[in-house]
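The values are calculated or read from the model by the stated rules, or taken from the named source; none is laboratory data. Keep in mind the model is a prediction, meaning the values are calculated, not measured. Methodologically, a virtual Cβ is constructed for each residue, glycine included, from the backbone with ideal geometry; neighbour enumeration extends over all protein chains shown. Just the protein is used for accessible areas: all its heavy atoms, side chains included, with ligands, DNA and RNA removed. Shrake-Rupley method; radii C 1.70, N 1.55, O 1.52, S 1.80 Å.
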Amino acid sequence: QALSHNPDNITVFRLTGGEWELPDYNLPAELSAEQHWARILERLPPEFDRRTWLEVMNEPDKERADWLGQFALHTAQLALRDGYRFAAFGWSSGEPEPEQWELPGMLEFLQLAAQHPEQLAVALHEYSYSLDDIADRYPYLVGRFQKLFEVCDRNGIPRPTVLITEWGWAGTSMPPVKRAMKDIAWAARLYADYPQVKGAAIWYLGGGYSGIADQAQQLIVPLQGYALRNYFAIEPG
């Protein structure tokens, strides 16, 4: 898509801090979804573009996976009603466990997401937790999205849209640029085989986290060059 004159750009928006990052686990899933969705919409900036995906959770508790599946289902129904794009979960790298995708609430959400690939998605975080090897423990960290797809295939559910909304090596540091670009090329080849994976956001250009933005910004020009020089032929279907 880097060679296209009209690329299909992907943008994701997430509010941070306190009650905007996680739902109230103590409520029934449907009521929690209604309240959390209302909080999110109330805080959206007036210029918010509905082509942007809304990620309304950040690294939730995997031990509540069935409840979270029900919560995501109800939130997805609200998003469809209100005309927004919704990306569920934002799981930590290495989560959830593969069997947790097969809990009833999760499967019900995945079935709905598969029916609306342009409006509903699964958001994942994929970090290697290693500066030396982006493929360390592959596919259990980077590449873990494949576990989700295996569950979908096993249960006869079309693979949903996936957004890797955080991607990288560690929270506060990254390898030197030359090695980082080799790791990015490896990951690009991996994700390119799966058209449902729409992109990965490199962590990170914001404040804090030991100034990792000072390191990450050095990738902007090399990454632009890589995108312009490389493309992948994808088999249809």
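Can we say Ala123 is of a type in the set (Gly, Ala, Ser), modelled with pLDDT of 95 or more, within 28 Å of Asn9 (Cβ to Cβ) and surrounded by fewer than 22 Cβ atoms within 10 Å (Cβ to Cβ)? Judged against the criteria, Ala123 is not a match.
Against the conditions (1) under 24 Å from Phe13 (Cβ atoms); (2) over 14 Å from the mean Cα position of the chain (by Cα), Ser173 satisfies every one except (1).
Okay, residues lined up against (1) within 27 Å of Glu97 (Cβ to Cβ); (2) open to solvent by 20 Å² or more (accessible area, probe 1.4 Å):
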{"position": "Val12", "(1), (2)": "yes, yes"}
{"position": "Gly17", "(1), (2)": "no, yes"}
{"position": "Trp20", "(1), (2)": "yes, yes"}
{"position": "Leu27", "(1), (2)": "yes, yes"}
{"position": "Ala33", "(1), (2)": "yes, no"}
{"position": "Glu42", "(1), (2)": "no, yes"}
{"position": "Asp49", "(1), (2)": "no, yes"}
{"position": "Met57", "(1), (2)": "yes, no"}
{"position": "Asp66", "(1), (2)": "yes, yes"}
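Within segment 168-177, the set of residues being open to solvent by 30 Å² or more (accessible area, probe 1.4 Å) and closer than 15 Å to Ala201 by Cα comprises Gly171 only. One residue is enough: does segment 67-78 have a residue meeting the conditions part of a loop (DSSP other than H, G, I, E, B) and either at pLDDT 95 or above or within 16 Å of the chain's Cα centre (by Cα) (or both)? Within segment 67-78 (the criterion being part of a loop (DSSP other than H, G, I, E, B) and either at pLDDT 95 or above or within 16 Å of the chain's Cα centre (by Cα) (or both)), the answer is no, since none of the residues qualifies. Considering only segment 64-73, I want to know if a residue exists there that is more than 21 Å from Lys198 (Cα to Cα) and among the polar types (S, T, N, Q). For segment 64-73, residues more than 21 Å from Lys198 (Cα to Cα) and among the polar types (S, T, N, Q): present.
Let's see how each residue does on (1) modelled with pLDDT under 95; (2) more than 29 Å from Gln111 (Cα to Cα); (3) open to solvent by 20 Å² or more (accessible area, probe 1.4 Å); (4) under 17 Å from the mean Cα position of the chain (by Cα):
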| site | (1), (2), (3), (4) |
| --- | --- |
| Pro139 | no, no, yes, yes |
| Asp153 | no, no, yes, no |
| Arg159 | no, no, yes, yes |
| Leu163 | no, no, no, yes |
| Glu166 | no, no, no, yes |
| Arg179 | no, yes, yes, no |
| Ala185 | no, yes, no, no |
| Ala188 | no, no, yes, yes |
| Lys198 | no, no, yes, yes |
